[in-house]
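Peer 1: Input: one structure, supplied below.
The values are calculated or read from the model by the stated rules, or taken from the named source; none is laboratory data. Keep in mind the model is a prediction, meaning the values are calculated, not measured. Virtual Cβ from ideal backbone geometry, glycine too; neighbours counted across all protein chains shown. Side chains included, ligands, DNA and RNA excluded: accessible areas come from the protein's heavy atoms. Shrake-Rupley method; radii C 1.70, N 1.55, O 1.52, S 1.80 Å.
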Amino acid sequence: MESEDKKKLFIFKPVFFLSSVSLLILAIIFTFYFQSFTQNEQMDHKGFANQANSTALADPPSGNEEIVLFVGLGKEDDDHVTPQTISLANYSQKEEKLRHALLLEDSYVSIPGGPDHKLKLAYSYGGIELLIETIEDHFGVNITYYALFPPKGMADLIDFLVPQGFNTKEMESRITSNIRLLDDPLPYLDVGQDLPDTLDGSQTVMLLHTLQGKENSYSRNKIREEIERTLFQVTLTLPNKEEISTLVNLLRNRSETNMSTSSMFSWVNNLVHTPYTELETGVFPLENTYQYETYSHAGDVITWDQTTNERAIEDFFKED
């Protein structure tokens, strides 16, 4: 009888030992999972504050294949929404250079699956996807990310980056100094009312909306170039990670984008913390490669040399 009990005890001890080990392993797994879950929850709740204090940021886009499309929307007279501003941006970490290309939204293009019309109408026909496809087809670029701003979102972005507003007199003097051949009056004469000394975000968006048509095209494009250059320049001089975090938060909440929060934070953070980031801007189609024509179905459009401009924009985004 005693021998039978010993056998049972002998069997019980290994079983008990294996059960203890299993419980220990499960406890370790549970602890690891709980810690990971807690960290993720903290990131979800703290959001941008956690990222602002993080030192292990993701690598930024680097190279001419990482191009971001920025689109500012506005309403036309018939109340449908079309882009007022279309631009491309690329950051080269190797060159410490930010390139910004403004695309003329009245450029006459063949919209895939649709009619020949203004570039901005691609968005009306098929949303951001069709706009991206049209830009890639006609300008020979590959777009990685996009950020789409409704009028209120664009106004809020301007108010955050330029809280003092745009000084209209200073802007006018800078624009005038860059114009070799001014073929129409400065746009303030065409708005129909005197502008204030400074423009806040909503007023700036309204100005861009007001300056439509061929007669205002040159001044409108110069003002858009000046406004967007200013926004990028201010971004490059954000003083600290809290300001960067606020900007990223605004970009996420005021725009439609396919860029993740971490990628966006990394992109902006590396722009700001590269000491000698150079800003280079361009306008496409190039000034001497297009002219205005009028079509019954499209109104005043820009007809342009596509081959020349594809080569020019490729060279613009190419790393030296």
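Peer 1: Name the pairs: first residue in the stretch 78-98 and more than 19 Å from I227 (Cβ to Cβ), second residue modelled with pLDDT of 85 or more and hydroxyl-bearing (S, T, Y), Cβ to Cβ under 8 Å, at least 6 apart or on different chains?
Peer 2: H80/S124; V81/Y123; V81/S124; K97/Y91
Peer 1: Give the residues of the stretch 230-253 that are at pLDDT below 90 and basic (K, R), sorted by residue number.
Peer 2: Result: K241, single match.
Peer 1: Right, E287: out of contact with any Pro (no Cβ under 9 Å at 6 or more places or on another chain), in contact (Cβ under 8 Å) with a residue 40 or more places away in the chain, of a type outside the set (V, I, T) and surrounded by fewer than 18 Cβ atoms within 10 Å (Cβ to Cβ) or not? I'd like the intermediate steps shown before the answer.
Peer 2: On the way: out of contact with any Pro (no Cβ under 9 Å at 6 or more places or on another chain): yes; in contact (Cβ under 8 Å) with a residue 40 or more places away in the chain: no; of a type outside the set (V, I, T): yes; surrounded by fewer than 18 Cβ atoms within 10 Å (Cβ to Cβ): yes.
No.
Peer 1: How many of the residues making up the stretch 115-129 are without any contact (Cβ under 8 Å) to a residue 12 or more places away in the chain and crowded, with 18+ Cβ neighbours inside 10 Å?
Peer 2: Step one: filter the stretch 115-129 for residues without any contact (Cβ under 8 Å) to a residue 12 or more places away in the chain, giving 127, 129.
Right, trim to crowded, with 18+ Cβ neighbours inside 10 Å and you get none.
Adding up the residues that qualify gives 0.
Peer 1: Still on this structure, I have one more. Across the stretch 133-155, what is the number of residues that are touching a residue at least 60 places away in the same chain (Cβ under 8 Å), open to solvent by 30 Å² or more (accessible area, probe 1.4 Å) and in a helix (DSSP H, G or I)?
Peer 2: Quick first cut of the stretch 133-155, residues touching a residue at least 60 places away in the same chain (Cβ under 8 Å) only: 135, 138-154.
Filter once more, so that each one left must be open to solvent by 30 Å² or more (accessible area, probe 1.4 Å): 140, 142, 144-146, 150-152, 154.
Subsequent filtering for residues that are in a helix (DSSP H, G or I) retains 151-152, 154.
Adding up the residues that qualify gives 3.
Peer 1: Continuing with the same structure: Looking at Y123, Y108, which is the one that is aromatic (F, W, Y) and assigned to a strand (DSSP E or B)? I'd like the intermediate steps shown before the answer.
Peer 2: Numbers: Y123 fails: assigned to a strand (DSSP E or B).
One residue alone meets the criteria, Y108.
Peer 1: Something else now. Taking the residues in the stretch 293-320 that are surrounded by fewer than 12 Cβ atoms within 10 Å (Cβ to Cβ) and more than 22 Å from the chain's Cα centre (by Cα) as candidates, determine which candidate is farthest from V68 (Cα to Cα).
Peer 2: Of everything passing the filter in the stretch 293-320, S296 is farthest from V68 (Cα to Cα).
Peer 1: Same structure, new question: For the stretch 269-292, name all the residues that are over 19 Å from the mean Cα position of the chain (by Cα) and part of a helix (DSSP H, G or I).
Peer 2: The answer is E287, N288, T289.
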